[in-house]
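Only the coordinates and a few stated rules stand behind these numbers; no lab work does. Worth saying up front: this structure is predicted, and the values here are computed from it rather than measured. Because the Cβ atoms are built from the backbone with ideal geometry, glycine has one as well, and the counts that use them run over all protein chains shown.
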Amino acid sequence: MMSLDLVFDYIVSPPFFHGAVLTLLITVTSLFFGVLAGLVIALMQETRSRPLQLFTLIYIWLFRGTPVLFQIIFIYNVLPSYGIRLSAFLSAVIALALNEGAYMAEILRSGLNAVKKGQRTAGLALGLTTSQVMRFIVLPQAARIVLPPMGNQMIGMLKTSALVSVIAVEELLLVANQTASASFRYLEALTAAGVYYLVLTTIFMALQAMLERSLDPKKRRRREKRPLLDRLLLATESADVR
Amino acid sequence: MNDTTRADPPTRRPATRADAPLLEIVGIDKSFGQSRILKGCSLDVRRGETVVLIGPSGSGKSTLLRCVNLLEPADGGDIFFEGANITGDFANAARIRREIGMVFQNFELFQHLSAAQNIMLAPMKVLGLSRADAHDVALDLLRKVRISDKADAFPDELSGGQQQRVAIARALAMKPKLMLYDEPTSALDPEMIREVLDVMADLSAEGMTSLVVTHEMGFARRAADKIVFMEDGRIVETASSEAFFGGSVNERAQRFLDQILH
Ligand SMILES: Nc1ncnc2c1ncn2[C@@H]1O[C@H](COP(=O)(O)OP(=O)(O)OP(=O)(O)O)[C@@H](O)[C@H]1O
Ligand SMILES: [Mg+2]
């Protein structure tokens, strides 16, 4: 029998709470630098420089072609033998961010490419500068296109972050696993961790839905309110597309 | 700037500033890779004039228009706008383009902005108008192109004809001295062509200097002062509207005309 009391105790206990905070911290930091890396890579691909394009190609090939778990272990264990000593947390964030960058680059690039060339031409013809065209015409349209796949990546990152438990970062899954093996209450410990994960993903999904709404130019005229369940269903639908 | 120091072709006397055409294209060449698209095209558009440019598909009409507002660099020849040589002046491209409105075959309204916002963007960002002033400008222009009720509609909620009229209003918002139209009605259903041509003809009648690529001969008859026929990168006929429709045009132009009038 599962003891709900114990689940509750685990949820409010400091180790679980700290584990959840660390999971969130790893996720948010990795995402931030991942999006940054993706943006740099995507812009490099837009340039006509051959060396830069070759660099991005190799980068994407390496990070999409090997498991994230491999990348985490590699950065944590191999770099020190070349004198680069990083904390487990830092190794985790670097690995996750670099990995994320490869996927974000593809998403961002497809968003930029989805804005047709004629839109830029029309902006230029009005006397806007290239950077104004980028800022007021291309980016707002690209943002709307990349938001759903980016949201999926973000939720994915929350779950992927559990992998860093292999390098002994005290995130949520490691805490749950350690607690369970000490007390043999696997069901309760893992349920407590599962609850945290679900709460976090739900928050992410809600944030995504809010962002998508705020980027919808017609939002002000669409007064109808969607029930929460509908919106979550919509979010899961778009997640399946990937 | 100093057009007097330029070696003009012998047939052409250097125009003085005052009576210079608003737009003067002199012997423009343009190649894409190996293929020569424009082969020494010359063309004048005087203030207040409407010039209609016709010619078969692929003859280089769009390329010529794009060279005029520096969207495409010309390989040779000169373009004078208001007497100033703007050829290759890409440092000032944005400033020059402000004065030259352009309307595209596919409208190219900004999809994320409403009709009014499409019109307001450039006046606000380029001319520095306040939002309120830009909004007033937008509403005035929407009235002018006869769709005042669609200010808050988004492009995907408008018919093709309505979109093209918003696109014309958007170009007018910059108070251009010259309007370039590149086949503005060829993507439209027949029943919408009229409403767009009417707006264009009204503008021409009010004295808006225009260079129009179109095969709508009804419009040409109504609004054009001059008709230019282009073929295979060359301008092969330039005729006044009367001469053109009076039938005194060269054989190639006449053949093309017979074709499009079937
Ligand atoms: N950016 C480009 N790169 C390479 N070739 C081009 C480019 N733009 C135009 N061309 C070529 O130049 C030629 C003339 O094109 P242009 O669009 O100016 O013709 P057009 O007279 O406007 O024809 P249409 O009536 O079909 O619009 C075509 O053969 C086209 O393939
Ligand atoms: Mg064309």
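Where the Cα atoms of the range B:80-137 are projected onto their three principal axes, how long is each span, largest first, in whole Å?
Taking max minus min along each principal axis of the Cα atoms, the range B:80-137 gives 36, 28, 17 Å.
With r defined as the distance between the Cβ atoms of B:Ala84 and B:Gln254 and R0 fixed at 56 Å, what FRET efficiency is calculated, to the nearest 0.05?
Details: r = 37 Å, r/R0 = 0.66.
Taking R0 as 56 Å, the efficiency between B:Ala84 and B:Gln254 is 0.90.
Quantify how strongly other chains surround peptide A:128-137 by giving the mean number of their Cβ atoms within 10 Å of each of its Cβ atoms.
Details: counts 7, 4, 2, 0, 5, 2, 0, 1, 7, 5.
Shielding by partners across A:128-137 averages 3.
Would you tally the net charge around B:Arg98, using a Cβ to Cβ cut-off of less than 12 Å, leaving B:Arg98 out, and scoring K and R as +1, D and E as -1?
Numbers: positive: B:Arg95, B:Arg97, B:Lys125, B:Lys175, B:Lys177; negative: B:Glu99.
Taking every Cβ under 12 Å from that of B:Arg98, the sum is +4.
If you put +1 on each Lys and Arg Cβ and -1 on each Asp and Glu Cβ, how big is the dipole of the range B:73-232 around its Cα centre, in Debye rounded to 20? Present the calculation step by step, with values, prior to reporting the outcome.
Details: 17 positive and 25 negative charges, 114 e Å.
Dipole size: approximately 540 debye.
Would you mind ranking A:Thr191, A:Thr130 so that the residue whose beta carbon has the fewest other beta carbons within 10 Å leads the list? Before the final figure, lay out the partial values.
On the way: A:Thr191 19, A:Thr130 13.
Least to most surrounded, the residues fall as A:Thr130, A:Thr191.
Can you list residues whose amide H is under 5 Å from B:Gly76's amide H, if they're 5+ apart or on another chain and H is modeled 1.01 Å from N?
B:Asp29
With a point put 7 Å past each Cα toward its Cβ, work out how far A:Asp9 is from A:Ala168 in nm, to one decimal.
Spacing of the two 7 Å Cα→Cβ label points: 2.8 nm.
For the charge dipole of the protein assembly as shown, defined by +1 on Lys and Arg C-beta atoms and -1 on Asp and Glu C-beta atoms about the Cα centroid, which residue among B:Val236, A:Ala95, A:Gln53 has the Cα displaced farthest towards the positive pole?
Final value for the positive-end residue is A:Ala95.
Largest first, please: the extent of the C-alpha atoms of the range A:1-93 along each principal axis, to the nearest Å.
So the extents along the principal axes, rounded to whole Å, are 61, 32, 22.
Compute log10 of I(q)/I(0) for chain A with the Debye formula, placing one identical point scatterer on every Cα and leaving out solvent, at q = 0.08, 0.16 Å⁻¹, to two decimals.
Reported log10 I(q)/I(0), two decimals: -0.40, -1.21.
Under a Cβ-Cβ cut-off of 11 Å, what is the net charge of the residues other than B:Lys226 that fall near it, where Lys and Arg count +1 and Asp and Glu count -1?
Details: positive: B:Arg46; negative: B:Asp44, B:Glu49, B:Asp225, B:Glu237, B:Glu242.
Neighbour charge sum, excluding B:Lys226 itself: -4.
Taking the Cα centre of chain A as origin and charging only Cβ (+1 Lys, Arg; -1 Asp, Glu), how large is the dipole, in debye to the nearest 20? It would help to have the intermediate numbers written out before the result.
Numbers: 23 positive and 14 negative charges, 314 e Å.
With only Lys, Arg, Asp and Glu charged at Cβ, the dipole is about 1500 debye.
Efficiency by 1/(1 + (r/R0)^6): what FRET value for A:Leu57 and A:Ala114, r their Cβ-Cβ distance, R0 = 25 Å, to the nearest 0.05? Spell out each step's value before the answer.
Numbers: r = 21 Å, r/R0 = 0.84.
Plugging the Cβ-Cβ distance into 1/(1 + (r/R0)^6) gives 0.75.
Stretched out fully, how many nm does the piece from A:Ile203 to A:Lys218 gain, at 0.36 nm a residue minus the Cα gap? If you can, show how the numbers build up before the last one.
Working: separation 15, 0.36 × 15 = 5.40 nm, distance 2.43 nm.
Length gained, A:Ile203 through A:Lys218: 3.0 nm.
Label point 7 Å out from B:Arg47 along Cα-to-Cβ: which residues of the range B:95-126 have amide N under 17 Å?
B:99-100
Anything over 21 Å Cα to Cα? Flag those among B:Lys30/B:Lys175; B:Lys125/B:Lys175; A:Lys218/B:Lys150; B:Lys30/B:Lys61; A:Lys117/B:Lys61, in the order listed. The partial results should precede the final answer.
On the way: B:Lys30/B:Lys175 29 Å; B:Lys125/B:Lys175 14 Å; A:Lys218/B:Lys150 14 Å; B:Lys30/B:Lys61 12 Å; A:Lys117/B:Lys61 19 Å.
Listed pairs above 21 Å: B:Lys30/B:Lys175.
Is there a quick way to get the dipole size of the protein assembly as shown? I mean about its Cα centre, with the Cβ of Lys and Arg at +1 and of Asp and Glu at -1; what is the value in debye to the nearest 20? Walk me through the numbers before you get to the answer.
Working: 54 positive and 51 negative charges, 106 e Å.
For the protein assembly as shown, the charge dipole is close to 500 debye.
Based on the Cβ-Cβ distance of A:Leu86 and A:Thr130, what FRET efficiency does E = 1/(1 + (r/R0)^6) give at R0 = 30 Å, to the nearest 0.05? Present the calculation step by step, with values, prior to reporting the outcome.
On the way: r = 39 Å, r/R0 = 1.31.
For R0 = 30 Å, the calculated efficiency reads 0.15.
Based on a Kirkwood Rh over C-alpha pairs, give the Stokes-Einstein translational diffusion coefficient of the protein assembly as shown at 37 °C and viscosity 0.692 mPa s in µm²/s. Spell out each step's value before the answer.
Working: Rh = 27.1 Å.
Diffusion coefficient, whole number: 121 µm²/s.
Given the convex hull of the Cα atoms of the range A:76-184, what is a quarter of its surface area in nm²? Show your work: numbers first, answer last.
On the way: hull surface 39.6 nm².
If you wrap the Cα atoms of the range A:76-184 in a convex hull and average its projections, you get 9.9 nm².
Around A:Ala192, under 11 Å between beta carbons, what's the net of Lys plus Arg minus Asp minus Glu among the other residues?
Working: positive: A:Arg185; negative: A:Asp9, A:Glu188.
Summing Lys and Arg as +1 and Asp and Glu as -1 gives -1.
Could you work out, residue by residue across B:91-102, how many beta carbons of other chains sit within 10 Å of that residue's beta carbon, and then give the average as an integer? Don't jump to the answer; show the numbers that get you there.
On the way: counts 0, 0, 4, 8, 1, 1, 6, 4, 1, 3, 3, 5.
Taking all residues of B:91-102 together, the mean is 3.
In peptide A:114-125, what is the residue-averaged number of other protein chain Cβ atoms found within 10 Å of each Cβ?
Working: counts 0, 3, 3, 1, 5, 5, 1, 6, 13, 6, 7, 19.
Neighbouring Cβ atoms belonging to other protein chains average 6 per residue here.
Give me the percent of DSSP beta bridges within the protein assembly as shown that run antiparallel, rounded to the nearest 5. Numbers along the way, then the final one.
Values: 21 of 38 bridges.
Around 55 percent antiparallel, to the nearest 5.
Considering the dipole of the range A:4-241 built from charges on the beta carbon (Lys and Arg +1, Asp and Glu -1) around the Cα centre, which of A:Tyr82, A:Gly34, A:Leu198 is farthest to its positive end?
A:Gly34
Only helical DSSP H runs with n ≥ 4 go in: add -39500 (n - 2.57) per run for chain A, normalise by residue count and round the 222 nm mean residue ellipticity to 500 deg cm²/dmol. Display every interim value, and only then the final one.
Values: 11 runs with 186 residues, N = 242.
Taking each H run of at least 4 residues, the total per residue is -25500 deg cm²/dmol.
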